[in-house]
Amino acid sequence: MDGSPLFYFHPVTFYQGVAFPFALLFNFLCAIHSFSIMARHIFLLLGGCLLAWMAMAQYSVLVFIPAFCAVALFQSVSPEKVHRWTFSFQMAWLTLCHLGLHYTDYYLQEPPCMRFCITLSSLMLLTQRVTWLSLDICEGKVVVKEAWRGPCVLSFCSYLLFFPALLGGPLCSFKRFQAQVSQTESLWRPLSLGPATRRGLLLLGLQLLKTLVNGMVREGTDLANCRRLGCISVMWTTAALFKLTYYSHWILDESLLCAAGFGLDSRPFFHEEGDVSDTDIWTLETTHRLSQFTRTWNRSTTRWLRRLVFERAPAKAWPLLQTFAFSAWWHGLHPGQVFGFMCWALMVKADYVIHGHSNALISSWLGRLLYRVITWAHTQLVIAYILLAVELRSVSALRLLGTSFNSLFPLVSCVSLVLLARRKKRAGNSPGPFIQ
């Protein structure tokens, strides 16, 4: 969930490709005895500043300011209050930048600058690293050394701006980052060609499939011209294009991290709660549970949202709804995003209720197989509906989607949720033997 990939994918792909030689150079230098830990931090920080200036030009200042302000807060505020201060400042800064995009989109009616869109994407990823680190400091997992002590400040700056994760990639926790940068040169291993080759072939296959689906979208009608069942095909192919773009972007980002020596598959003993791969295409495309799809989609961001919002919200304060509402805020609060994430929260709730009842009612293997096929198709269509709402963003596109035949699929989940909730309420008011 780190921004709209079709909106900035091609420029980011180019700049990620530019960063690959520097990532390989960093991996090579780490095996040299004279390349000290401080030199590694400086290389990562300067590489991030250079990449930011290349990709964002003057807008890179919008990334540098919150990053260095966050480091100042880490060093100045007590551990008990550091998360509150850094979270408030980071989200306020991100919101102001999102409002700038709103002003260009909806008031000036002009296409936004691509460099500014890349900056917004980088700011969203920076928010993840800042808040994750502030929670680690607040919970005592990371200890801040004496105020403004050089090595501590340098490690914080290099973590927030290190170039392999500046424009994309799964969330890398500070503890993992520090452990891998600080390890001795004897522990560094050359880049394995096996995983790199597999990622390259998978990326090539996804690009070919994306080209095929893109041709199908261009040849067909859009939501403004489709009729009834024809709208389902339009929605599915368009959503498939969005998903393929996401998958390609995630693989490219993880490949860059691996090239720099930060791959999640290369140091399993450094794994912790926040360090997961975003790419699990098989689960995303085969699951019949929308809740499992949600947990698997962009997993590092999902775990970040769980830790930041869901686990900290009171049980009576609708933590699921709060989590999706915050995700809409983090993405930019465009009309389609607000509708899409609120619909997503409702669909996840319906998924838990519907599957909870069906597991007790369906006993035969044939019935379970038929149920799995139907719910798989329904899950994929509901996800396609949500993706279109979130990615198209505008009110006009949302109106077309809402009045199309596709609205039937989330409506079925809503009706099922209401009926099963009433049944559960009636069962709760029934005599004891019936409940048992």
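Run the accessible area of the chain with a 1.4 Å probe and give the carbon-and-sulfur part as a rounded percent.
Numbers: 13930 of 20580 Å².
Ligands and nucleic acids excluded, carbon and sulfur give 68 percent.
If you count only protein heavy atoms with a 1.4 Å probe, what accessible area per residue comes out for the range 293-436, rounded to a whole Å²?
I get 54 Å² per residue for the range 293-436.
With springs connecting C-alpha atoms under 10 Å apart, model the chain as a Gaussian network and identify which of Val382, Val390, Val412 has the largest mean-square fluctuation.
Answer for the Gaussian network model of the chain: Val412.
Which longest run of the chain has no exposed loop site in it, a site being GluC sites (Glu not before Pro) in a DSSP loop with at most 13 other beta carbons within 10 Å, and the site itself not part of the run? Don't skip to the end; give the middle numbers.
Values: sites that count: Glu139, Glu146, Glu272, Glu273.
The segment 274-436 is the longest one with no such site.
Give, as ranges by residue number, the residues of the range 354-394 whose backbone N falls under 18 Å from the point 7 Å along Cα→Cβ of Phe405.
Hits in the range 354-394 for Phe405 at 18 Å: 377-386.
Do the alpha carbons of any pairs in Lys81/Lys175; Lys243/Lys349; Lys141/Lys243; Lys175/Lys243 sit beyond 29 Å of each other, and which pairs?
Those over the limit are Lys141/Lys243; Lys175/Lys243.
Choose one answer from Tyr371, Tyr59, Tyr107: the residue with the largest mean-square fluctuation in a GNM of the chain with alpha-carbon springs under 10 Å.
Tyr107
What is the Cα radius of gyration of the range 6-88 over 2.2 N^0.38 Å, N being its residue count?
It is 1.38.
Looking at the chain as a GNM with Cα springs under 10 Å, which of Leu333, Leu62, Leu420 has the largest mean-square fluctuation?
Top of the fluctuation ranking is Leu420.
How much length is gained if the chain between Val415 and Met342 is pulled fully straight, taking 0.36 nm per residue apart and subtracting their Cα-Cα distance, in nm to one decimal?
24.7 nm
Of the labelled options (i) 1.21; (ii) 1.09; (iii) 1.04, which one gives Cα Rg over 2.2 N^0.38 Å as computed for this structure?
Read-out taken from this structure: (iii).
Can you tell me the dipole magnitude for the chain around its Cα centre, using point charges on the Cβ only (Lys, Arg +1; Asp, Glu -1), in Debye to the nearest 20?
1280 debye
Would you mind putting 398-408, 298-308 in packing order, based on average other-beta-carbon counts within 10 Å, highest first? Let's see the in-between values first.
On the way: 398-408: 16.9, 298-308: 19.7.
Highest mean packing first, the order is 298-308, 398-408.
The values are calculated or read from the model by the stated rules, or taken from the named source; none is laboratory data. These figures come from a predicted structure and were not determined experimentally. Cβ sites come from the backbone with ideal geometry, for glycine too, and all protein chains shown count toward neighbours. Note: accessible area is taken over every heavy atom of the protein model, side chains too, but ligands, DNA and RNA are not part of it. Shrake-Rupley method; radii C 1.70, N 1.55, O 1.52, S 1.80 Å.
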